[in-house]
1. Can you flag which of Lys267/Lys309; Lys33/Lys130; Lys267/Lys391; Lys68/Lys160; Lys187/Lys391; Lys33/Lys68 are past 21 Å Cα-Cα?
2. Rounded to the nearest 500, what is the chain's calculated 222 nm mean residue ellipticity when only DSSP H runs of at least 4 contribute -39500 (n - 2.57) each, over all residues?
3. Compute the long axis of helix 132-143 from its Cα atoms, compare it with the longest principal axis of the Cα atoms of the chain, and write down the angle in degrees, 0 to 90, nearest 10.
4. Bin all alpha-carbon pair distances of the range 355-395 at 10 Å intervals from 0 and give each bin's fraction as a whole percent.
5. Give me the Å³ per residue figure for the convex hull around the C-alpha atoms of the chain.
6. Angle, helix 251-264 long axis vs. longest principal axis of the chain, Cα atoms, 0 to 90°, nearest 10?
7. Using the Cα atoms of the range 273-356, I'd like the radius of gyration and the largest Cα-Cα distance, Dmax, both in angstrom.
8. Can you tell me the Rg and Dmax of the range 142-185, counting just the alpha carbons, in angstroms?
Amino acid sequence: MARTSHLIASLGDLRGKRVLVRSDLNVPLDADKKITDDGRIRASIPTIQALRDAGARVVVAAHLGRPKGEPDPAYSLEPVAARLGELLGTPVSFATDTVGDSARTAVADLPDGGVALLENVRFNAGETSKDDAERGAFADQLADLADAFVSDGFGVVHRKQASVYDVAERLPHAMGSLVAAEIDVLKRLTETPERPYVVVLGGSKVSDKLAVIDNLLDKADSLLIGGGMVFTFLAALGHDVGASLLEEDQIPVCLEYHERAKKLGVKLVLPTDIVVADAFGDEASARVVPADQIPDGAMGLDIGPESGKAFAAALADARTVFWNGPMGVFEQAAFAAGTRAVAQALTTVDGLSVVGGGDSAAAVRALGFADEQFGHISTGGGASLEYLEGKALPGIDVLS
């Protein structure tokens, strides 16, 4: 709490002031609109509570899903408002629009320390518009609701969007504690990692992680590869991968990474066994085969048990670990063991262990791990990856 208070202190006395907070409340909902993972809501609480403690009138802006720039009930933030209120221990007013009559009324009725949540900002086409004028016009309307702006939605800081970038140009602004903590962790991963430094990458596609591999290969001591992306690395070594996910156009790039790792003295570790099935689904008959002997027609869906042990051993003496991407189709019990083995190993790291958001964060929670078992669980998979790729983050740059 002290860290948050320090960050917002630059805004001066906030008692009675309207503060617009851009949070990341993009949580998964089931078919009944029930929240299945409230991790991002929980992560937003410290900054909101610090503003309440300062006597501010807190106006929260956020998005959910990818609506097409117009209202869509499937993406309403109303369930999020209820959960936010439960976690804060106070009623949260919900505006049924973003900058219309409902929003203006909700903000006008706020007492000192009160909280209102605006409807999904992506219900307005100006939020994600590539046209500066259209985006700016929406940002003007958002800015009219507040006296100051706090950026605390790390999951969107890689986007040049109205509620992330343009509003900060229009109001006195500060960084929230969540964003500050994320940037601090990412700097430790890229600038001052304590060694040994192990990077674990999974997920479905090599192409999604190329720039991360490229930027971290000369910083890490070991790079462990799992998930669907491993089959392109195996193919680069001349192994058949059956019906497994394969990006043939990336085979030359993967071969180049093998060679670069050798020259740099970085251990590039691939699975030695794979869990395969002839079909995808809960009824699939899973079996373990050597990684270099995947049968024709078989589909690799997880790293094997020996690989899980090897990956855990590689993490045992690490002082810094960054993990992004599950090792297999963790949603199905038959293909979850590899992801579980990596997650379990991270919980015992004597140093900084970072779960890189997105599917990785969803996986550890789905498998029954608590956030507190890891050094840091990122709230922004895409933002984290872009930072690790060496890209600028517009939502951070505008705060400077």
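Values quoted throughout were computed directly from the atomic coordinates according to the rules given, and no laboratory measurement underlies them. The shown structure was predicted, so the numbers you read here are calculated from the model rather than taken from an experiment. Positions of Cβ are generated from backbone atoms using ideal geometry, with glycine treated the same way; all protein chains shown enter the neighbour counts.
1. Beyond 21 Å between Cα atoms: Lys33/Lys130; Lys267/Lys391.
2. When only DSSP H runs of four or more count, the value is -10000 deg cm²/dmol.
3. It works out to around 60 degrees.
4. With 10 Å bins starting at 0, P(r) equals 30, 47, 20, 3.
5. Once divided by residue count, the hull of the chain is 138 Å³.
6. The angle comes out at about 90 degrees.
7. 13.7, 42
8. Looking at the range 142-185, its Cα Rg and Dmax stand at 10.4, 34 Å.
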